[in-house]
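Values quoted throughout were computed directly from the atomic coordinates according to the rules given, and no laboratory measurement underlies them. Keep in mind it's a predicted model, so treat the numbers as computed, not measured. A quick note on method: Cβ atoms are made from the backbone with ideal geometry, for glycine too, and the neighbour counts reach across all protein chains shown.
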Amino acid sequence: MSDTELNFWQTTSLSDMSREQWESLCDSCGRCCLHKLEDEDTGDIYFTDVVCHYMNEETCQCPHYDNRQDYVPDCLTIYPDWGEKFNWLPPTCAYRLLHEKKSLFDWHPLISGNMESVHLAGISVRGRTFSDAKINEDEIELHMVDWVK
């Protein structure tokens with residue numbers, strides 16, 4: 001691909017992206033909505049198969065996305081200057097990949113042109129999660145998964 005054929009995510013820094021460009025990086029995998037556990041000693045992040053109860057399991061999107069903190073005050077809001085906090089995102093996440101100076105995967109909708117490609121590639125949480133409304137908080141460690149890679 002020549003320099004003239006590069007797409008915005010290859011030429012624009014996260015901090016210089018427009019709101020529309022920024023939002024289009026989200027592939028709607030739903031992995032950021034999974035509950036995570038952090039090892040206090042190592043800082044390692046562990047993903048669970050427990051998802052926010054607002055998650056639409058078919059679309060893997062939040063129906064309250066624009067004002068999600070009104071519903072879930074500690075819901076993630078991703079910023080370009082997050083630095084080390086990007087490790088709270090799955091390693092397949094476009095925001096994290098671009099922060100780490102890596103390329104998007106072929107299944108990313110910006111590459112494939114198909115919003116279903118993330119689901120077809122088995123990257124999304126569709127059909128793999130339990131609602132946090134049905135899981136006791138003290139049992140969340142029993143739900144750690146290794147498929148978020």
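Miscellaneous remarks
- With contacts taken as Cα pairs under 8 Å and at least 6 residues apart, the chain reaches a relative contact order of 32 percent.
- Other-chain or far-sequence residues with amide H under 5 Å of residue 131's (modelled H): 51
- Only helices enter this figure: runs of n ≥ 4 DSSP H residues, each worth -39500 (n - 2.57), summed and divided by the residues of the chain, yield -3500 deg cm²/dmol at 222 nm to the nearest 500.
- Full-stretch length increase - residue 121, residue 147 - with 0.36 nm per residue and alpha-carbon distance subtracted: 8.1 nm
- Computed over the chain with a Gaussian network model linking Cα atoms closer than 10 Å, the most mobile of 17, 115, 55 is 17.
- The Cβ shell under 12 Å around residue 44 holds other residues with a net charge of -3, Lys and Arg each +1, Asp and Glu each -1.
- Net charge of the neighbourhood of residue 117, taken over other residues with C-beta under 10 Å away and scored Lys/Arg +1, Asp/Glu -1, is -3.
- Assuming charge only on the beta carbon of Lys and Arg (+1) and of Asp and Glu (-1), the dipole of the range 18-143 about its Cα centre is about 580 debye to the nearest 20.
- Coarse-grained scattering of the chain at q = 0.12, 0.20, 0.21 Å⁻¹, given as base-10 log I(q)/I(0) from a Debye sum over alpha-carbon atoms: -0.52, -1.43, -1.55
- Fully extended contour minus Cα-Cα distance, from residue 11 to residue 66, at 0.36 nm per residue: 17.1 nm
- Between the range 94-117 and the range 19-60, the alpha-carbon centres lie 16 Å apart.
- Rounded to the nearest whole Hz, the Karplus-based 3J(HN,Hα) values (6.51 cos²θ - 1.76 cosθ + 1.60, θ = phi - 60°) of the range 29-35 follow the sequence 7, x, 5, 5, 8, 6, 5, with x at glycine and proline.
- Signed unit charges on C-beta, dipole axis of the range 18-143, positive-most listed residue 103, 136, 89: 103
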